[in-house]
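Presented below is the structure to which this report refers.
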Amino acid sequence: MKSLKMALASTCAVVAMGAGFDASAAGEPSAYQLNVLFTGESWDNTAGGLKRGWSFMDNADAKLMVDTGKAFGWKGGSVVLEGFYANATSTGNSYVGALDQQSPIDTAMNKPTVKLYQAFYDQNFGSTDVLVGKFDVETEFSVTKPMELFLSKDLTWNTAFDQSGTMPQNGTTGPGNYPYTPLAVRVRQTLSKDFSVAVVVADAVSDDPKNLSNNGVYFGPHYGESVVGEFDYTPDRYTKAMVGVWGLDSKLMAYGQTTPTGAQKYVYGQEGGYFGGTARLYSGEGRRGLDGFFTFGYSSPTSTNVQESLNGGLTYTGLLDARPQDKVGVSFNLNVAPNGYRTYQAQLGTPIGRTETSYEVTYRAKLNDWVTLQPDVQYIVNPNYSRTLKNDLLIGLHFEIGHFFDL
């Protein structure tokens with residue numbers, strides 16, 4: 001599921017009310033900082049999908065950040081501990097039925113969930129940065145800043161990558177992102193002012209497949225490892241070009257294929273890649289302006305339900321003169337099913353189509369330092385490639401209440 005990076009970034013960037021303490025007035029930040037965020041979403045599935053109806057989801061997240069240089073004299077280091085509670089509702093599973101969830105807080109577990117989300121140590125050595133621990137890979141790979149506005153997981157990174165290794169029949173949960181975060185090691189190397197490269201090696205099974213609500217780190221040797229590498233060009237705050245490759249060596253079903261004895265065939269490994277970027281298309285006063293973005297993802301077709309994905313969109317900051325920080329955006333995502341997966345579904349007696357397409361329109365308004373509202377509309381054509389589900393129209397209101405404490 002899409003991570004909480006968008007919501008957390010919005011509150012970390014401001015100094016919210018906290019025990020009467022004004023961190024901005026104190027000057028230099030302290031060694032210990034705490035971000036507390038409550039996120040709620042009300043959704044009305046007005047047409048199509050699994051069924052019509054109203055749902056409400058909520059998520060309470062706490063993130064502690066420690067500057068080890070100030071706290072212990074370990075210069076260039078930081079520790080992050082983050083956990084969350086999410087209620088039992090899954091709008092995607094209960095009402096929509098699309099390939100990916102439509103919300104950044106939908107755990108898809110259908111039961112109350114308390115999880116240790118991230119726990120890592122990050123050390124900067126000048127041009128080299130190393131991170132070790134339980135880490136959401138989605139927060140740093142295959143992402144651009146305009147994508148963070150949107151709520152749909154289709155816009156989190158790229159769906160071909162997001163669905164890699166996702167095989168409930170085999171107990172695997174896919175790549176390391178919300179709510180399943182693996183043990184990982186990430187190295188980022190700054191090559192010059194504009195260029196950088198990053199590589200992450202992670203446990204390919206993020207959580208115990210037999211009990212996904214468990215916390216801690218789960219080691220399953222037969223699930224293997226996943227590796228992601230990305231090369232970035234970022235000449236300024238509004239421009240980014242990226243290209244990446246990924247692979248995992250897990251044991252996965254070969255969809256639509258059997259052995260000579262008629263048993264299900266399995267293969268080891270899956271790989272893919274992606275490229276994309278963002279650019280400022282029009283600039284106004286201050287940070288006001290229009291940004292465009294896109295990402296194309298590809299996966300080897302044997303063991304996946306998404307062989308290709310393409311997303312893109314436009315965001316505008318400061319559409320209204322009276323509200324220069326508000327953001328409005330429109331986006332789309334296209335998922336393409338591989339032939340093997342379509343054959344597999346036909347064998348199960350549930351033939352599917354070739355594509356799923358989703359659209360999203362959203363407006364994010366920061367009312368003050370601690371409250372943000374975001375109305376959102378999503379329209380999904382052929383949810384989950386289905387030939388029987390009608391196109392889905394989902395209308396929602398996302399809101400955040402956040403407090404930032406400089407302890």
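Read-outs throughout are calculated quantities, based only on the coordinates presented, and are distinct from any laboratory measurement. Just so it is clear, the model here is predicted, and its values are computed rather than measured. Neighbour counts run over all protein chains shown; Cβ positions are idealised from the backbone, glycine included.
Observations on the model:
- Among 266, 316, 282, the largest mean-square fluctuation in a Gaussian network model of the chain (Cα springs under 10 Å) belongs to 282.
- Remark: the range 340-355, residue by residue, has Karplus-estimated 3J(HN,Hα) of x, 5, 5, 4, 4, 5, 5, 5, 7, x, 10, x, 10, x, 8, 9 Hz, where x stands for each Gly or Pro and the curve is 6.51 cos²θ - 1.76 cosθ + 1.60 at θ = phi - 60°.
- Residue order, fewest to most surrounding Cβ atoms within 10 angstrom, among 403, 398: 403, 398
- Taking Cβ atoms as reference points and 10 Å as the exclusive limit, the residues near residue 351 contribute a net charge of +2, counting Lys and Arg as +1 and Asp and Glu as -1.
- C-alpha center-to-center spacing [the range 267-296, the range 29-65] in angstrom: 25 Å
- Neighbour counts of C-beta atoms inside 10 Å place 253, 147, 57 in the sequence 253, 57, 147, starting with the fewest.
- Each of 159, 239 was scored by other Cβ atoms within 10 Å of its Cβ. Listed from fewest to most, they are 239, 159.
- Spherically averaged projected area in nm², based on the convex hull that wraps the Cα atoms of the range 5-406: 20.0 nm²
- Highest-MSF residue in the chain out of 299, 152, 192 [GNM, Cα springs under 10 Å]: 192
- Structure note, pairs 51/327; 70/134; 63/115; 240/366; 51/390; 240/327: Cα-Cα distances above 21 angstrom occur for 51/327; 70/134; 240/366.
- Other-chain or far-sequence residues with amide H under 5 Å of residue 97's (modelled H): 50
- Under 5 Å from the amide H of residue 304 lie the amide H atoms of 255, each residue being 5 or more positions distant or on a separate chain, with H modelled from the backbone and absent for Pro and chain starts.
- Of the residues 257, 156, 144, the one whose Cα sits farthest towards the positive end of the charge dipole of the chain is 257 (charges of +1 on Lys and Arg Cβ, -1 on Asp and Glu Cβ, taken about the Cα centre).
- Of 278, 190, 258, the residue with the greatest mean-square motion in the GNM of the chain, using alpha carbon springs below 10 Å, is 258.
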